[in-house]
Amino acid sequence: MAGTGKAHLRDSPDVLLRIEDLVVEFPVGRTGLKVNAVSGISLDVLKGETLGLVGESGCGKSTTGRAIMQLPRPTSGSVQFEGTELTQLTGDAMREARTRMQMIFQDPISSLNPRRKVRQIVMEPLNIWKRGTDDERAKKVDSILEEVGIDPVRAGESQPHQFSGGQCQRISIARSLVLDPSLIICDEPVSALDVSVQAQVLNLLEDLKAEYGLTLIFIAHDLAVVKNISDRVAVMYLGKICEVAPSDVLYESPAHHYTSVLLNSIPVPDPEVAVTKTAIEGEPPSPVLPPPGCRFNPRCPAAQDICRSEEPQLRPVGEGHFVACHFPTVTPVELAAR
Amino acid sequence: MSDLIQASSRDIDGPLLELTDVTTHFKTARGLVRAVDGVSFTLDRGKALGIVGESGSGKTILSRSIMGLLPPRGTVRGGSIKFEGREIGNLGRKEMRSVWGKEMAMIFQDPMTSLNPVMKIGRQIAEPLQIHLGMTKQNAWATAERLLQDVRIPEPKRRLEQYPHEMSGGMRQRIMIAIALACGPTALFADEPTTALDVTVQAQILDLLGEQRRDRNMSLVLVTHDLGVVAGHTDVIAVMYGGKLVEKASTKGLFANMKMPYTEALLNSIPKLEDRSHTRLSAIAGRPPDLVNPPKGCRFAPRCPYAQPKCQTEEPPLVPTAEDPNHLYACWYPVGSPENAEIKVRLAASKGALAAAAGGN
Ligand SMILES: Nc1ncnc2c1ncn2[C@@H]1O[C@H](COP(=O)(O)OP(=O)(O)OP(=O)(O)O)[C@@H](O)[C@H]1O
Ligand SMILES: Nc1ncnc2c1ncn2[C@@H]1O[C@H](COP(=O)(O)OP(=O)(O)OP(=O)(O)O)[C@@H](O)[C@H]1O
Ligand code: SF4
Ligand code: SF4
Ligand SMILES: [Mg+2]
Ligand SMILES: [Mg+2]
């Protein structure tokens, strides 16, 4: 049975999104082999919550985000959004559901149509969905542009390339907001920006979230960035979830060995601390032939025989804190109780 | 790590690199872009220098100016660049060719676009060895294999036969480093070598660069916008703003005794792991200056929280601190000075007054 367990799923009326046993596979040419991009993960997000999704390049973060949007549809598993099973939806119902979820991408400039004026780009979704009168559309677009710090007049005259990377990311954010979505999936929205612009965009997302009552999924590889914006963080490794915890808990008491690696990799802006850190060796194994048992076992300093044969299931180690590891660095709840 | 090709350890006194008032301007339709505007510093042999600043501050153009890798048309260069005591600031591309590879090498941000997609990795490393060092083909391929080992690529022999697209981003960047190291350069320029990579791979690559620098007694210039990246991997840091050098100090000295409000602001904008989640980040307001019409006085003044009338009219010179002659900064009211403390008190008071006024409604 694929999957790393569902102990961490919450039974709450406030659940906005619930993913269960999500699997996404891609064929490798005509070899009959497949890329195991996402291998049976389960997650939930409450209304108004920000869920951080963090992990190395290629671990399946973007694929998860796209599978939630049904772009493309997952190989198997369930995605429930606002009480509707998305994997069963087709046609207009699917299109309608997609307006309730929006995605923002890493490369702000190339994700905007280069030939159109910025104000038109932001207005486009309203035109497509024929929302409101011309007047109402214009008002809405201008107020959202103001909100994200872009001058609507300049936006009416200029194309994306006339704005900086950080400004283009603000424009993408404005565009994602015009249809009043309830969920925004941010896929590495600040990874291409320098640190000062990154801080501006992160602050903006926090403000907009409060103002519009948004729910966010925030994808990134930098745990310091993810921790700053998220309420809860899920750590992914090679298509699986290793650990789920409230952001502060994840940093204070990481339970999975891979989470420690991620924490150790963040460059610390302090020369006294920085020199004591050493990077993990090796590369993640191929998702075409993932190692049996715990997928982290080839690089894990604590791996034992059982790690190479049996897949660990997510189990609680604290309040809202779950880990999928046979030998976690924090004692599991069921053992602590004995 | 057996017989590496060592950095040419010619015993020449004095610094490896000496820049005096270097300017690089570009003629454009809008006017002259002052990308690098009067930068002076020296770099000692075997040391690692970090060049830090926001996007557009001139980091890349400064390193390209030193390497002599600038667009031939519309570029106006000034000042002096001495490498091992020899003036190279006025050399053309043709003359620089003898310097590239053996004396100085560069690795770029995007390893995919800088590798040849249709040439085997082995050939991309071996060919410069044959050309620059006159090695036989067989020798060059054997050296290439050892270089891949040095940059920790598993199964180097098999990898030599592969193409760039068959490798991950982290591996491609290792290949770039191997190519840059091939001819045993005295100085390696790494321009945002890890910006396109994820944090785990970034940590690996930075460790690798540090290790190779020590093993080869090579100088390293690390260009980045992230002060976190240079903190653990450099001896000296130069901070650039709007084409100017605004602070330079030993890495320890800089972090212990930051003088420039801009450096402080850059540091504060980085999310810190130890802060609680949802801690408001202190972003730097506004945008970097327009390099065609830079602000008069201090170029940071429009965005500086401590700016005073003097900052808007008079440009602060680069001066040493009282404690350390090698710690330079350009600011009228440096962080930690009594004048700056006074401004901080006034700012806090007016903020308090504002809050009180708002609360009183
Ligand atoms: N359309 C596709 N066809 C084949 N393989 C794919 C496809 N999309 C993704 N993959 C593979 O699936 C795995 C997961 O990719 P994904 O893009 O989700 O990773 P990620 O965590 O977002 O990484 P990054 O940090 O680099 O963006 C990778 O091995 C990737 O190569
Ligand atoms: N060929 C050119 N013609 C005109 N202006 C240029 C040219 N090359 C660079 N510039 C300008 O010079 C300034 C400095 O650019 P540079 O690439 O050095 O910045 P940087 O600090 O490396 O930024 P980043 O972090 O984005 O790489 C920028 O304003 C840039 O637009
Ligand atoms: S299950 Fe085993 S290999 Fe996996 S992280 Fe835990 S100790 Fe390491
Ligand atoms: S000189 Fe003035 S404006 Fe410039 S950094 Fe110092 S205090 Fe700020
Ligand atoms: Mg991705
Ligand atoms: Mg640059």
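The values are calculated or read from the model by the stated rules, or taken from the named source; none is laboratory data. Remember, predicted model here, so these are calculated numbers, not experimental data. Here the Cβ is made from the backbone with ideal geometry for all residues, glycine too, and neighbour counts use every protein chain on show. We work out accessible area using only protein heavy atoms, side chains counted, and drop any ligands, DNA or RNA first. Shrake-Rupley method; radii C 1.70, N 1.55, O 1.52, S 1.80 Å.
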Go through (1) farther than 18 Å from A:G48 by Cβ; (2) within 14 Å of chain B (Cβ to nearest Cβ) one by one and return the number of the condition A:P152 breaks. (2)
Whether any residue in the stretch A:245-252 is of a type in the set (A, V, I, L, M, F, W, C) and closer than 30 Å to B:P154 by Cα is what I want to check. no
Please specify each residue of the stretch A:187-198 satisfying the condition of being crowded, with 23+ Cβ neighbours inside 10 Å and more than 11 Å from chain B (Cβ to nearest Cβ). A:P189
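Take the conditions under 19 Å from A:V233 (Cβ atoms), more than 16 Å from ligand 4 (Cβ to nearest atom) and of a type in the set (A, V, I, L, M) and apply them to A:L289. Does it pass?
Values: under 19 Å from A:V233 (Cβ atoms): no; more than 16 Å from ligand 4 (Cβ to nearest atom): yes; of a type in the set (A, V, I, L, M): yes.
No.
When the residues of the stretch B:263-319 are filtered to those that are assigned to a loop (DSSP other than H, G, I, E, B) and among the small types (G, A, S), which remaining residue is farthest from A:G48 (Cα to Cα)? I'd like the intermediate steps shown before the answer.
Keep residues of the stretch B:263-319 that are assigned to a loop (DSSP other than H, G, I, E, B), which gives B:269-300, B:304-308, B:314-318.
Narrowing further to those that are among the small types (G, A, S): B:269, B:277, B:282-283, B:285-286, B:297, B:307.
Values: B:S269: 25, B:S277: 15, B:S282: 24, B:A283: 24, B:A285: 28, B:G286: 29, B:G297: 46, B:A307: 39 Å.
Of everything passing the filter in the stretch B:263-319, B:G297 is farthest from A:G48 (Cα to Cα).
Out of B:T186, B:T195, B:T224, report the one residue that is more than 16 Å from ligand 1 (Cβ to nearest atom), of a type in the set (S, T, Y) and closer than 30 Å to A:S260 by Cα. Step through it out loud before you land on a result.
On the way: B:T186 fails: closer than 30 Å to A:S260 by Cα; B:T195 fails: more than 16 Å from ligand 1 (Cβ to nearest atom).
Of the residues listed, the single one that is more than 16 Å from ligand 1 (Cβ to nearest atom), of a type in the set (S, T, Y) and closer than 30 Å to A:S260 by Cα is B:T224.
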Are there any pairs with C-beta distances below 7 angstrom linking a residue in the stretch B:241-269 that is among the aromatic types (F, W, Y) to a residue that is modelled with pLDDT under 95 and open to solvent by 30 Å² or more (accessible area, probe 1.4 Å), with the two at least 6 apart or on different chains, and if so which? B:F255/A:D270
Exactly one of A:L22, A:L33, A:L51, A:L43 is farther than 26 Å from A:G293 by Cβ and touching a strand residue (DSSP E or B) at 6+ places or on another chain (Cβ under 8 Å), and that residue is A:L51
Quick check on my filter: what residues within the stretch B:27-58 are closer than 13 Å to B:L291 by Cβ, buried (at least 19 other Cβ atoms within 10 Å of the Cβ) and either among the charged types (D, E, K, R) or within 16 Å of ligand 4 (Cβ to nearest atom) (or both)? B:R34, B:D37, B:G53, B:E54, B:S57
So, A:F322, is that one away from ligand 5 (no atom under 16 Å from the Cβ), more than 14 Å from chain B (Cβ to nearest Cβ) and open to solvent by 50 Å² or more (accessible area, probe 1.4 Å) or not? no
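A:S110 - would you say it is within 16 Å of ligand 5 (Cβ to nearest atom) and free of Cβ contacts under 8 Å to residues at least 12 places away in the same chain?
Working: within 16 Å of ligand 5 (Cβ to nearest atom): yes; free of Cβ contacts under 8 Å to residues at least 12 places away in the same chain: yes.
Yes, satisfied.
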Flagged pairs (Cβ under 9 angstrom, 6 or more apart or on separate chains; first in the stretch A:17-30, free of Cβ contacts under 8 Å to residues at least 12 places away in the same chain; second aromatic (F, W, Y) and away from ligand 5 (no atom under 16 Å from the Cβ)) are none
List, please: which pairs have Cβ atoms under 7 Å, are six or more places apart or on different chains, and start with a residue in the stretch B:25-43 that is closer than 30 Å to B:G14 by Cβ and end with one that is within 16 Å of ligand 5 (Cβ to nearest atom) and not in a strand (DSSP E or B)? none
I'm trying to understand the selection: among the residues of the stretch B:218-262, which are open to solvent by 20 Å² or more (accessible area, probe 1.4 Å), assigned to a strand (DSSP E or B) and among the aliphatic types (A, V, I, L, M)? B:V236
Here the residues within the stretch B:146-173 that are farther than 15 Å from A:P284 by Cα, open to solvent by less than 10 Å² (accessible area, probe 1.4 Å) and not in a helix (DSSP H, G or I) are B:V151
Checked the stretch B:223-248 for anything more than 15 Å from ligand 2 (Cβ to nearest atom), more than 15 Å from B:E264 (Cα to Cα) and either away from every other protein chain (no Cβ under 13 Å) or small (G, A, S) (or both); matches are B:G232
In the stretch A:26-62, what residues are away from every other protein chain (no Cβ under 14 Å), in contact with a Pro (Cβ under 9 Å, 6 or more places away or on another chain) and buried (at least 17 other Cβ atoms within 10 Å of the Cβ)? A:N36, A:A37, A:V38, A:S39
Output the number of residues of the stretch A:45-59 satisfying the condition of being within 12 Å of the chain's Cα centre (by Cα) and at pLDDT 95 or above. 6
Filter the stretch B:195-217 for residues that are facing chain A (nearest Cβ under 9 Å) and under 15 Å from the mean Cα position of the chain (by Cα); which is most open to solvent (accessible area, probe 1.4 Å)? B:T195
Could you grab me the full set of residues in the stretch A:239-251 that are open to solvent by 10 Å² or more (accessible area, probe 1.4 Å), over 14 Å from A:L43 (Cβ atoms) and modelled with pLDDT of 95 or more? A:P246, A:D248, A:V249
Out of the helices (runs of 4 or more DSSP H) lying entirely within the stretch A:193-268, which hold 1 or more residues that are under 21 Å from A:T64 (Cα atoms) and charged (D, E, K, R)? A:223-229
Condition met for B:M96 (away from every other protein chain (no Cβ under 14 Å), under 24 Å from B:V246 (Cβ atoms), away from ligand 5 (no atom under 16 Å from the Cβ) and open to solvent by less than 70 Å² (accessible area, probe 1.4 Å)): no
Starting from residues that are in contact (Cβ under 8 Å) with a residue 60 or more places away in the chain and open to solvent by 30 Å² or more (accessible area, probe 1.4 Å), keep the ones in the stretch B:281-293 and report whichever is farthest from the other protein chains (Cβ to nearest Cβ). B:N293
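Counting only residues that are within 14 Å of chain A (Cβ to nearest Cβ) and either within 16 Å of ligand 2 (Cβ to nearest atom) or crowded, with 18+ Cβ neighbours inside 10 Å (or both), how many does the stretch B:303-326 have? Lay out the reasoning, then the answer.
As a first pass, look at the stretch B:303-326 and keep what is within 14 Å of chain A (Cβ to nearest Cβ): B:303-305.
Still in the list and also either within 16 Å of ligand 2 (Cβ to nearest atom) or crowded, with 18+ Cβ neighbours inside 10 Å (or both): B:303-304.
Residues flagged as within 14 Å of chain A (Cβ to nearest Cβ) and either within 16 Å of ligand 2 (Cβ to nearest atom) or crowded, with 18+ Cβ neighbours inside 10 Å (or both) within the stretch B:303-326 amount to 2.
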Report yes if some residue within the stretch A:283-295 is open to solvent by 30 Å² or more (accessible area, probe 1.4 Å) and of a type in the set (A, V, I, L, M, F, W, C); otherwise report no. yes
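Is it fair to say A:E311 is out of contact with any Pro (no Cβ under 9 Å at 6 or more places or on another chain) and of a type in the set (D, E)? Let's see the steps before the verdict.
Numbers: out of contact with any Pro (no Cβ under 9 Å at 6 or more places or on another chain): no; of a type in the set (D, E): yes.
When the stated conditions are applied, A:E311 does not pass them.
Please go through the stretch A:143-157 and pick out each residue that is closer than 28 Å to A:I217 by Cβ and in a helix (DSSP H, G or I). Reasoning before the result, please.
Filtering the stretch A:143-157 for residues closer than 28 Å to A:I217 by Cβ gives A:143-150, A:155.
Once the filter is applied, which keeps residues that are closer than 28 Å to A:I217 by Cβ and in a helix (DSSP H, G or I), the stretch A:143-157 yields A:S143, A:I144, A:L145, A:E146, A:E147, A:A155.
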Residue, most open to solvent (accessible area, probe 1.4 Å), within the stretch A:199-212, restricted to residues that are more than 7 Å from chain B (Cβ to nearest Cβ) and touching a Leu at 6+ places or on another chain (Cβ under 8 Å): A:Y212
Can you give me the number of residues within the stretch A:183-192 that are over 19 Å from A:G55 (Cα atoms) and modelled with pLDDT under 95? 0
